[in-house]
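Everything below concerns the one structure shown next.
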Amino acid sequence: MKAHHHQHHQFYYRQFNALFSSLPELKTKQQANEYLTTLCKKHLYREALEAFDNLLLQKDRDFIQIYASTYANLISACAYIRSLEHGRRIHSHIIGSGNEPDMILNNHVLNMYGKCGSLNDARKVFDNMPQRNLVSWTSVIAGCSRNGEENDAVELYVEMLLSGLLPDQFTLGSVVKACSGIGDVSLGRQLHGHMVKSEFGCHLIPQNAIIAMYIKFDLIDDAWDVFSRIVDKDLISWGSMIAGFSQLGHELEALNLFKEMLSQGVYLPNEFVFGSLLKACSNLLQLEYGRQMHGICIKFGLGKDTFAGCSLSDMYARCGFLDSARSAFYQIEKPDLASWNAILGGLANGGDVTEAMSLFSQLRHRGLIPDDNTLRSLLCACNSPSTLYQGMQVHSYIIRKGFSSNVPLCNALLTMYGNCSGISSAFNVFHDMRNNADSVSWNAILTAFVQHQKAEEVFRILKLLLVSQCKPDHITLSIIYGACVQLASLEMGAQTHCFAVKTGLVLNLTFDNGICPIRKRRRSS
């Protein structure tokens, strides 16, 4: 379908070229503006921007005067294709034209900068606007929310209210999304209360945003309360609630809600809904449910979809059916990196290192660039001395491609060497990353020493940990208790328990799991 639309647009572009090539050149401002506007209206955005550039290169370009409406169309084209370079160029041309842009045109520029990710430019435009309306405020709030400046988005929203303007559904949706990013539950509830009182609070856009916010806060009951009160739900409403149930451990509720959605017969499920459902099936380890979902997925024409195929492959792999996982993967017409990572992760969990490495070569041969998820999956597959060579190959790739500063990846390397090799290799990795080590890194090297019967070294590393920026956690304590058991040292175990009590890390089961095994080891010896 997309290819057809592209061919359709190219046909129009050739027509326009033929139309205007019959003229020596565009000689009037009317012709120039009509040409650019028509290209934009036919969604030939790149061609419109290229035509604008070419017009500026004409020798007698002094005749060219771009209308405000044409500028608006060109700026919208930049926003659509996310071309900051063109957007800045056209904005500069607007300023250089000598005509002060009106509020409508400024709003287009503001929206473009927000969608292209340049908040500095957006704020400059907003701050210099002599007049602002609700669209102006909503554009800058949405830009901040979209680009990781959630606190600014909320502050701007409060400023807007103080200025006397009331939000619409788009403003509310953007500020709720910003609140989700901040992670402030109290603020989220305040916004929800404010939204309920608002004229546009019952609109689907803010309602769906509130559902997503509560799900992000792990408040599934609050999300369900909002969802159940929506009279006319859309696909986003259904998809968000199904995803929330699936993510937060309510897998059966996700499947039942999907049944209800199908029974209403209003909306057809998309690949994202199936992704959530297949995740629910894999969490339940219910292969039969997964197979039913696979059949429904094919029925709705999504069997070869990249996202759905990736979810299918992952589900089968998690359920331990690697042949079905491979089959689902090879059904995908154009597998992306996430699809390759899903099948690689499944093979790694299944212990098939050889095929995982083979797929690793294939994905690079196809021009895809592995990310840290790809490499972590491969390292997880290397978990015994027989897989040390493959682990070293992955390590070599990590060094060559500049991933050596990636802490989670180095942690996986630490664990791999701890499982596959002598302690020296693991310690060398830890030594190189020590300044950036997190709690996972420290626990990994401590575990490696315990695995290799080097209990004395555990306490030397523990001293280094205590003077570092990281702090021991419950996992650290369980590792230390393991070292005490190896040494059969009740005294060290008691000191560790005392430390746990003082630091508030003690658990109800810590004493039984830690001290009692030490006593048993002492008695047996």
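Here's the yes/no breakdown for (1) of a type in the set (Lys, Arg); (2) over 31 Å from the mean Cα position of the chain (by Cα); (3) closer than 18 Å to ASN54 by Cβ:
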site	(1), (2), (3)
THR70	no, yes, yes
LEU74	no, no, yes
ALA79	no, no, no
LEU84	no, no, no
GLY87	no, no, yes
HIS93	no, yes, yes
GLY98	no, yes, no
HIS108	no, no, no
ASN111	no, no, no
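If you check every pair at least six apart or on different chains, which have Cβ atoms under 9 Å apart with a residue in region 437-461 that is farther than 14 Å from LYS471 by Cβ first and a residue that is open to solvent by 20 Å² or more (accessible area, probe 1.4 Å) and among the acidic types (Asp, Glu) second?
Note: pairs meeting the criteria are PHE449/GLU456; PHE449/GLU457.
Exactly one of (1) of a type in the set (Gly, Ala, Ser); (2) within 26 Å of CYS202 (Cβ to Cβ); (3) in contact with a Leu (Cβ under 7 Å, 6 or more places away or on another chain) is unmet by SER145. Its number?
Failed condition: (3).
Might you let me know whether region 251-274 holds any residue that is in contact with a helix residue (DSSP H, G or I) (Cβ under 6 Å, 6 or more places away or on another chain), within 30 Å of ASN383 (Cα to Cα) and not acidic (Asp, Glu)?
Scanning region 251-274, I find no residue that is in contact with a helix residue (DSSP H, G or I) (Cβ under 6 Å, 6 or more places away or on another chain), within 30 Å of ASN383 (Cα to Cα) and not acidic (Asp, Glu), so the answer is no.
Restricting region 89-132 to residues that are farther than 18 Å from ALA77 by Cα and among the acidic types (Asp, Glu), which is surrounded by the most Cβ atoms within 10 Å (Cβ to Cβ)?
Selected residue: ASP102.
This table checks each residue for (1) within 21 Å of ALA348 (Cα to Cα); (2) aromatic (Phe, Trp, Tyr); (3) at pLDDT below 90.
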| site | (1), (2), (3) |
| --- | --- |
| SER386 | yes, no, no |
| TYR389 | yes, yes, no |
| SER405 | no, no, yes |
| PRO408 | yes, no, no |
| ILE445 | no, no, yes |
| GLN453 | no, no, yes |
| GLU456 | no, no, yes |
| GLY482 | no, no, yes |
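Select from region 285-314 the residues that are hydroxyl-bearing (Ser, Thr, Tyr) and farther than 11 Å from GLU271 by Cα and list them in ascending order. Give the steps one after another, and end with the answer.
Just the residues of region 285-314 that are hydroxyl-bearing (Ser, Thr, Tyr), to begin with: 289, 306, 311, 313.
Within region 285-314, TYR289, SER313 meet the criteria.
For region 139-250, which helices (runs of 4 or more DSSP H) that fit wholly inside it have 1 or more residues that are of a type outside the set (A, V, I, L, M, F, W, C), within 20 Å of the chain's Cα centre (by Cα) and surrounded by fewer than 23 Cβ atoms within 10 Å (Cβ to Cβ)? I'd like the intermediate steps shown before the answer.
Values: elements: 150-162, 169-182, 185-197, 204-216, 220-229, 235-247.
Where helices (runs of 4 or more DSSP H) fall fully within region 139-250 and carry at least 1 residues being of a type outside the set (A, V, I, L, M, F, W, C), within 20 Å of the chain's Cα centre (by Cα) and surrounded by fewer than 23 Cβ atoms within 10 Å (Cβ to Cβ), they are 150-162, 169-182, 204-216, 235-247.
Given TYR35, TYR45, TYR13, which one is of a type outside the set (A, V, I, L, M, F, W, C) and modelled with pLDDT under 60? Full working, then the answer.
Values: TYR35 fails: modelled with pLDDT under 60; TYR45 fails: modelled with pLDDT under 60.
Of the residues listed, the single one that is of a type outside the set (A, V, I, L, M, F, W, C) and modelled with pLDDT under 60 is TYR13.
Taking the condition of a type outside the set (Gly, Ala, Ser), open to solvent by 40 Å² or more (accessible area, probe 1.4 Å) and assigned to a loop (DSSP other than H, G, I, E, B), does LEU262 pass? Talk me through it step by step, then tell me what you get.
Numbers: of a type outside the set (Gly, Ala, Ser): yes; open to solvent by 40 Å² or more (accessible area, probe 1.4 Å): yes; assigned to a loop (DSSP other than H, G, I, E, B): no.
Spelling it out, it is not the case that LEU262 is of a type outside the set (Gly, Ala, Ser), open to solvent by 40 Å² or more (accessible area, probe 1.4 Å) and assigned to a loop (DSSP other than H, G, I, E, B).
Given LEU359, LEU375, which one is within 23 Å of GLY422 (Cα to Cα) and not in a loop (DSSP other than H, G, I, E, B)? Steps first, answer last, please.
Details: LEU359 fails: within 23 Å of GLY422 (Cα to Cα).
It is LEU375.
Would you confirm, using the coordinates I've provided, whether GLN469 is in a loop (DSSP other than H, G, I, E, B), closer than 22 Å to THR387 by Cβ, of a type outside the set (Lys, Arg) and open to solvent by 30 Å² or more (accessible area, probe 1.4 Å)? Walk me through how you get there before you give the answer.
On the way: in a loop (DSSP other than H, G, I, E, B): yes; closer than 22 Å to THR387 by Cβ: no; of a type outside the set (Lys, Arg): yes; open to solvent by 30 Å² or more (accessible area, probe 1.4 Å): yes.
No, not satisfied.
Look at region 346-398 and say how many of its residues are free of Cβ contacts under 8 Å to residues at least 24 places away in the same chain, under 23 Å from the mean Cα position of the chain (by Cα) and open to solvent by 50 Å² or more (accessible area, probe 1.4 Å).
2
Taking the condition of being over 10 Å from ILE343 (Cα atoms), touching a Gly at 6+ places or on another chain (Cβ under 7 Å) and open to solvent by 30 Å² or more (accessible area, probe 1.4 Å), how many residues in region 298-317 meet it?
The total comes to 1.
Give SER424, SER439 a once-over and let me know the one that is small (Gly, Ala, Ser), open to solvent by less than 50 Å² (accessible area, probe 1.4 Å) and modelled with pLDDT of 85 or more.
Values: SER424 fails: open to solvent by less than 50 Å² (accessible area, probe 1.4 Å).
Matching residue, one of SER424, SER439: SER439.
Taking interchain pairs and intrachain pairs at least six residues apart, which have beta carbon atoms under 8 angstrom, with the first residue in region 311-330 and small (Gly, Ala, Ser) and the second open to solvent by 30 Å² or more (accessible area, probe 1.4 Å)?
SER311/GLU271; SER311/LYS279; SER313/ARG326; ALA317/ASN349; ALA317/GLY350; GLY320/GLY350; ALA325/ASP314; ALA328/HIS294
Check whether at least one residue in region 280-293 is within 15 Å of TRP238 (Cβ to Cβ) and open to solvent by 40 Å² or more (accessible area, probe 1.4 Å), and report yes or no. Steps first, please.
To start, the set of residues in region 280-293 that are within 15 Å of TRP238 (Cβ to Cβ) comprises 280.
Of the ones still in play, those that are also open to solvent by 40 Å² or more (accessible area, probe 1.4 Å) are none.
Looking through region 280-293, none of the residues is within 15 Å of TRP238 (Cβ to Cβ) and open to solvent by 40 Å² or more (accessible area, probe 1.4 Å).
The values are calculated or read from the model by the stated rules, or taken from the named source; none is laboratory data. Everything numeric in this text was worked out from a predicted model, so none of it was measured. Here the Cβ is made from the backbone with ideal geometry for all residues, glycine too, and neighbour counts use every protein chain on show. Heads up: the accessible areas ignore ligands, DNA and RNA and are worked out on the full protein's heavy atoms, side chains in. Shrake-Rupley method; radii C 1.70, N 1.55, O 1.52, S 1.80 Å.
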